[in-house]
Every structure is written in structure tokens, then in C-alpha cells.
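The structure appears right after this line, and notes come after that.
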Amino acid sequence: MDLFNPKTFSTDWELQVIDKLERCVRTDKLLGFAGALREELDLDIQVDWNAIEFAMGINTSFGQFWERILRITDRASQVVRELDLDLFAAGAHPTERMYNSSHVHVGTAHDETNAIYLENQIMRYVPAFGALAANSPVAHGLRGEFKSYRVRDCAYVFTTPSEVRDPWTAQPSDWTDASPKLYGAPTVEVRITDCASSRRLLAEFVTFIAAYVHYRGKMVEEYRCPPEEYREFLTNRWTAARDGMQATFLWNGKPRLVADLLDEMLDECADELENLGAKRADFALLNAMIRKRVCQADFVLGFAGRYPDVWCLTSAYAKLIRQWDAFDQYLESAPALDPIPAPDEQAVLAEHLAFVGEGTHFYRLHDAMRYPWPVTGEIIERLVRQGLVKREVTPRRGTLLYRL
């Protein structure tokens, strides 16, 4: 069967608006902009969490989508600049406690049962999309340990790891990395992607993700991924957040470079790209990112190295990306980066240990890599056995952990 008919796609692109002091314009002030643009452009432009959410309508071709991106951003930039403001396209504002995304909607789907099976089948590939779009390496006082703090932090519970679901016992699922949203629109939504700072990159990776999901939609079958595969998915999700395009995933227990995986995925969905009026040669940015193992976060980190003061960084970065092609130009001369090895068991233990302080509730360690409880519980047992953590059970708060 083919889950998607007709083959459509879109994105909800979240962009902040900032003033001359790099402060975010708040939701109540953004409503006027959204209303004016919605009426003029005839698109469902909304406001969400101090950002304008540019819903790009229903698209059937790469060319249509690219033209729409240009038209919307040219007009939106003009409107806000009339009030001495700027659009700020970034995965995270360096000082504000919020994250932005370019959610990808893949349609048209009407069968929720098979859409849930597709969700389970594509789960292992979703972290590759997160690595490709990583663009939040500087966020509310954090800098450089992760290339996507948004994915690491699950966007404050608004982009959480997908679950292994059974259609016979599943309820509608909000805010997971990728899942059908047929109760709102007939699409499968991929939420793991950080906000794009480049218009051209947005056009390329949204079309690629749509084509790949369309490709997998032709092979839907009853599927529930086993626990071992689910743990690999969660490990790879964390690795994508940390390393971006330099990541090495675990794939059936063996290391696999995320760049090689994406290279293969682009080739696999060639027919679906053609259905959307595109071919791989049209994706100059994606091809360069795969070849060089570079993502938007690498550009941000290189630029941030010149500005230790976060407000100076915000000011300089905002002026740079408002031209829309700063990353495109950077990519032309960016050096190729070496892959980073996949995390071993010691790296997994170290990540969980980093969450332990004085009297840390045991459940806090779930936030380290989002493992299911049997896996997290076994990691805690190992930390206790190795003398790295002391455990104390209290009647009032339950199990507390102390770092030794």
C-alpha cells in the first residue's frame, strides 16, 4: 500500500522577532504582525511562544515551496523592519529560555493505523534528521557541549522521543519527534528538526524529509520495534544532539556515520524526490553538509568563539543571519570535520553521573538520555556498585542519590 495520497508537504517555521537590543518581542505584540501577514499572504500564520509560526501551506513541489519561502520571508522581513525590528531565525535565542523549530508536515495521510506503524518504522531514522538540522549550540547560558540543546532538552517537553505504539492501544500523540497528527491535519509531523537559519537549507531539508517519509510510506507493515532497537534510537538521538553531522550512530550494534546514513537515505528516496519536482543535484547545501559533516551548529559555534559575551554574540549573529544566506556562504569554504566515535558504555555512565548532585531524586536521571526505566535503573545500579553514587531511601521523597 501507499500511505500518502496525494503527496504533499509543508513546514511550520518558528521565527522570533527581536528589537534593537536583541530582546524578543512578546506574543501580545506579535499578534498584529501575524494577523496582517495571514490576511495578505492567505496562509495560516499564527503566534506561538513568542514566535511567529509561518505555516507554509500545502505544497506539492520543491519549486512551489521554494517560491513560497521567498515570498513570505521577503514580505515578513519588510513588515517588521518598518518598526525597526528583525526576524531572528535560530534554533535558540542565546539568552531567552525558548527553542524554535521548523516542524515538517508530510501528507496526505488518512489511515491512522498504518500511520502509527510508519511512526514505529521510521523511528530509528528520525535522529538523522535531528543531526542534519542541529542549530541550537548556544542557549540560555549553555554553550558548545551539544550542537542541539533543543533536542537534548526535548524543547522543554514539546519535542519528546517517540514511543513504540500499538494502534489498538494508542491515543493521539502530541509533541513527539515524529508521529501522525490526523486529528488536526492529515499529516505525519516530524518535530525533531531545529529551526533553519537559511531559507535555502529549509527548502532542501523539508523536501528531503518529506520525500523520505513518502518513500517509507510505500512499505508500511505491522511493526513494533524491539527494546534493543528502541535503546539504539534513544542513544542515537542523544548523539545527534551532541555531535550533529559528526555523529556516529549505533546501527544494529555496529557504528555507522550519520553522514553515510543520510547519503544513503537521499539516494533511496530518489523517485519520491522526482514526484516532488526535485532531484538530489538540486540540494547543493545538503550534499555539501554530508560531504563535509558540517551542520548549522558548527557555523554558530565558530562565530560564537569570537564573542564570549552572550549579548554581543546575539547582536552580531542577528545582523548576520537576517540576510538569510550566511550559512550557505560559510558552507562553501568550511573545512570537512572528522567523525566523532559513537558513545561507549563509559560515556553513557558519565552522562548519567553528571545529573547526580546532593540529594538528586533518582528519576532525574531519566532526563540524561531518556532511556526507559529498566535501562535507567540498571545504570543507577552500576553507578552504586562502582562506588560513584550513594543511594538513600526516604519516606517523604523516595529514592535520593548522592554523588561520591
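Laboratory data are not the source of any read-out in this text; all were calculated from the coordinates shown. None of these values were measured; they are calculated from a predicted model. Please note: Cβ atoms are built from the backbone with ideal geometry, for glycine as well, and neighbour counts cover all protein chains shown.
For residue 195, the residues whose modelled amide H falls within less than 5 Å of its own, excluding neighbours fewer than 5 places apart on the same chain, are 91, 100, 101, 102. Give the separation of the Cα centroids, the range 96-162 to the range 1-64, in Å. Taking the Cα centre of the range 1-64 as reference, the centre of the range 96-162 is 18 Å away. Annotation: the residues 154, 312, sorted from fewest to most other C-beta atoms within 10 Å of their own C-beta, follow the order 312, 154. Normalised size of the range 1-134, defined as Cα radius of gyration per 2.2 N^0.38 Å with N residues, equals 1.19.
Each residue in 238, 251, 66 was given a count of other beta-carbon atoms within 10 angstrom of its own, and listing them fewest first yields 251, 66, 238.
Across the alpha-carbon atoms of the chain, the computed radius of gyration and Dmax are 21.1, 64 angstrom.
For residue 47, the amide hydrogen comes within under 5 Å of the amide hydrogens of 53, counting only partners 5 or more places away or on other chains and with H modelled in the peptide plane. Exposure proxy ranking for 351, 358, 204, based on other Cβ atoms within 10 angstrom of each Cβ and starting from the fewest, stands as 358, 351, 204.
Under the definition of Cα pairs under 8 Å and six or more residues apart, what whole-number percent is the relative contact order of the range 201-310?
Relative contact order comes out at 30 percent.
Please express the shape of the range 324-377 as an equivalent ellipsoid: the semi-axes are the square roots of 5 times the eigenvalues of the C-alpha gyration tensor, given largest first in whole angstrom. Don't skip to the end; give the middle numbers.
On the way: eigenvalues 262, 43, 23 Å².
With the √(5λ) rule applied to the range 324-377, the semi-axes are 36, 15, 11 Å.
For chymotrypsin sites (Phe, Trp or Tyr not before Pro), the sites in the range 151-186 that DSSP calls loop and that have at most 11 other Cβ atoms within 10 Å are 168, 183. Each of residue 225 and residue 332 was given a label point 7 Å from its Cα along the Cα-to-Cβ line. The distance between the two points is 3.9 nm.
Cross-link partners for residue 7 among the lysines, with Cα-Cα distance under 25 Å and sequence neighbours closer than 8 places in the same chain left out: 181, 218, 279. Cross-link reach is defined here as a Cα-Cα straight distance under 17 Å, omitting same-chain residues fewer than 8 places apart; for residue 319 the aspartates and glutamates meeting it are 19, 22, 74, 82, 84, 86, 309, 328. Computed from phi, the 3J(HN,Hα) profile of the range 230-243 under the Karplus parametrisation 6.51, -1.76, 1.60 (θ = phi - 60°) reads 5, 5, 4, 4, 5, 5, 5, 4, 5, 5, 4, 5, 6, 10 Hz, with x in place of Gly and Pro.
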